[in-house]
Amino acid sequence: MKKMIIAGNWKMNTLPNEAENLVSNIISGIQNKDYKSEIVVCPPFTNLQTVSTLIYNSKIKLGAQNCFYEPKGAFTGEISIPMLKFFDVEYIIIGHSERRTYFSETDELINKKAKAILESGLKPIICIGETLQEREQGKTFEILFNQLDLCLKDLKDKNFSNIVIAYEPVWAIGTGISATTEQIEEAHNEIKHYIGKKFNLNEDDIVLQYGGSVTADNSEEILSIKNVNGALIGGASLKSEIFLKIIDIAENILQS
Ligand code: 13P
């Protein structure tokens, strides 16, 4: 069966009371439903404890938006993987284009984080994606394959049961302009083919989410694409009713 992970990246949003309301509404919305897809919420660090407590015993899994690769030490302002593990974090988003752009994160750094996350038994959601300029210059796949080469350097095929890749075209993030079905289909086919060949994997065993202006309105079309295994959702994950609608759409696709 197609694997589907619907993850909400809350980015730098929500005060504790807002996080509590948001996640409580999501918990109520999925109660008593037998969902086959994985549902993940990624609040800011300051709300991990609140959300972790509320989702205990629910189907919702916890994700973080970043981490550092050293387990502890003099790294002012950073958050380690053991700190995240303490709150039952299972997924950690790394390589998000906002971190690459505003905090100068490189593929080499993302690779170090990926290795540390996997060694700790957690699951990285590794984001890749091209800018509009790169797409217009016809460099999309050169960029994506290079990001994959560097971010996945020295990882092993056996790691892939714990790795999620998220294709997030930079130009589609927060712009309201999602990539077209054809663009997503092409990119996802190419990415799975590239990883499959490189690591000698069955393409169906690679989990590849799409992210970039996913809404309740476009999610049916996007999530129905064969090689799309869920979505990494920013803005639309901050409204419980929209996030719940997208989860329902994912479920209908899985069960059809
Ligand atoms: P939007 O859904 O707001 O476009 O953000 C996507 C994203 O960056 C998820 O990580």
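Residues that are within 16 Å of the ligand (Cβ to nearest atom) and either of a type in the set (Ser, Thr, Tyr) or over 19 Å from Glu142 (Cβ atoms) (or both): does the range 196-207 have at least one? Show your work before the answer.
So the first thing to find is which residues in the range 196-207 are within 16 Å of the ligand (Cβ to nearest atom), and the list is 207.
Filter once more, keeping what is either of a type in the set (Ser, Thr, Tyr) or over 19 Å from Glu142 (Cβ atoms) (or both): 207.
Yes, the range 196-207 contains at least one residue that is within 16 Å of the ligand (Cβ to nearest atom) and either of a type in the set (Ser, Thr, Tyr) or over 19 Å from Glu142 (Cβ atoms) (or both).
Assess whether Phe199 counts as being modelled with pLDDT of 95 or more, farther than 30 Å from Ser24 by Cβ and not polar (S, T, N, Q).
Numbers: modelled with pLDDT of 95 or more: yes; farther than 30 Å from Ser24 by Cβ: yes; not polar (S, T, N, Q): yes.
The answer is yes for Phe199.
Return the only residue of Asn25, Asn13, Asn57, Asn9 being surrounded by fewer than 14 Cβ atoms within 10 Å (Cβ to Cβ) and out of contact with any Asp or Glu (no Cβ under 7 Å at 6 or more places or on another chain).
Numbers: Asn25 fails: surrounded by fewer than 14 Cβ atoms within 10 Å (Cβ to Cβ); Asn13 fails: surrounded by fewer than 14 Cβ atoms within 10 Å (Cβ to Cβ); Asn9 fails: surrounded by fewer than 14 Cβ atoms within 10 Å (Cβ to Cβ).
Asn57 is the lone residue from the list that is surrounded by fewer than 14 Cβ atoms within 10 Å (Cβ to Cβ) and out of contact with any Asp or Glu (no Cβ under 7 Å at 6 or more places or on another chain).
Being touching a strand residue (DSSP E or B) at 6+ places or on another chain (Cβ under 6 Å), surrounded by 22 or more Cβ atoms within 10 Å (Cβ to Cβ) and in a helix (DSSP H, G or I), is that true of even one residue in the range 117-126?
Yes, the range 117-126 contains at least one residue that is touching a strand residue (DSSP E or B) at 6+ places or on another chain (Cβ under 6 Å), surrounded by 22 or more Cβ atoms within 10 Å (Cβ to Cβ) and in a helix (DSSP H, G or I).
Residue by residue through the range 57-112, note down the ones that are in a strand (DSSP E or B) and either closer than 20 Å to Ile173 by Cβ or in contact with a Lys or Arg (Cβ under 7 Å, 6 or more places away or on another chain) (or both).
Of all residues in the range 57-112, those in a strand (DSSP E or B) come to 60-64, 89-94.
Result: Gly63, Ala64, Glu90, Tyr91, Ile92, Ile93, Ile94.
Give me the pairs: first residue in the range 177-188 and over 16 Å from Lys139 (Cα atoms) and more than 16 Å from the ligand (Cβ to nearest atom), second residue among the hydrophobic types (A, V, I, L, M, F, W, C) and modelled with pLDDT of 95 or more, beta-carbon distance under 9 Å, and six or more apart or on different chains, which are they?
Thr181/Ile222; Thr181/Ile225; Glu185/Ile225; Glu185/Val228
State whether the residues of the range 161-169 include one that is more than 16 Å from the ligand (Cβ to nearest atom), of a type in the set (A, V, I, L, M, F, W, C) and under 18 Å from Gly95 (Cβ atoms).
Restricting attention to the range 161-169, the residues satisfying the condition of being more than 16 Å from the ligand (Cβ to nearest atom) are 161-163.
Filter once more, keeping what is of a type in the set (A, V, I, L, M, F, W, C): 163.
Within this subset, residues satisfying the condition of being under 18 Å from Gly95 (Cβ atoms) are 163.
Looking for residues that are more than 16 Å from the ligand (Cβ to nearest atom), of a type in the set (A, V, I, L, M, F, W, C) and under 18 Å from Gly95 (Cβ atoms), one finds at least one in the range 161-169, hence yes.
If you take the residues in the range 1-40 that are of a type in the set (Lys, Arg) and under 20 Å from the mean Cα position of the chain (by Cα), which one is farthest from Val207 (Cα to Cα)?
Looking at residues that are of a type in the set (Lys, Arg) and under 20 Å from the mean Cα position of the chain (by Cα), I get Lys11.
Within the bounds of the range 89-104, is there any residue that is closer than 17 Å to Asn9 by Cα, touching a His at 6+ places or on another chain (Cβ under 7 Å), of a type outside the set (Asp, Glu) and within 15 Å of the ligand (Cβ to nearest atom)?
no
Scan the range 136-147 and report the pairs whose first residue is assigned to a loop (DSSP other than H, G, I, E, B) and whose second residue is crowded, with 16+ Cβ neighbours inside 10 Å, with Cβ atoms within less than 9 Å and a gap of 6+ or a chain change.
Sorted first by the residue in the range 136-147, then by its partner, the pairs are Lys139/Glu130.
Residues that are within 16 Å of the ligand (Cβ to nearest atom), assigned to a loop (DSSP other than H, G, I, E, B), closer than 28 Å to Leu118 by Cα and of a type in the set (D, E, K, R): does the range 217-237 have at least one?
No, there is no match, as no residue in the range 217-237 is within 16 Å of the ligand (Cβ to nearest atom), assigned to a loop (DSSP other than H, G, I, E, B), closer than 28 Å to Leu118 by Cα and of a type in the set (D, E, K, R).
Within the range 167-181, which residues are in contact with a Phe, Trp or Tyr (Cβ under 8 Å, 6 or more places away or on another chain) and among the β-branched types (Val, Ile, Thr)? Please lay out each step first, then the result.
Restricting attention to the range 167-181, the residues satisfying the condition of being in contact with a Phe, Trp or Tyr (Cβ under 8 Å, 6 or more places away or on another chain) are 167-168, 177, 179.
Within the range 167-181, Ile177 is the sole residue that qualifies.
What is the number of the single condition among (1) within 15 Å of the ligand (Cβ to nearest atom); (2) crowded, with 22+ Cβ neighbours inside 10 Å; (3) of a type in the set (A, V, I, L, M, F, W, C); (4) assigned to a helix (DSSP H, G or I) that Ile191 does not meet?
(1)
What is the number of the single condition among (1) over 19 Å from Lys123 (Cα atoms); (2) within 17 Å of the chain's Cα centre (by Cα) that Leu54 does not meet?
(2)
The values are calculated or read from the model by the stated rules, or taken from the named source; none is laboratory data. Please read all numbers here as calculations on a predicted model, not as lab measurements. Quick reminder, even Gly has a Cβ in these numbers, built from the backbone with ideal geometry, and neighbours come from all protein chains shown.
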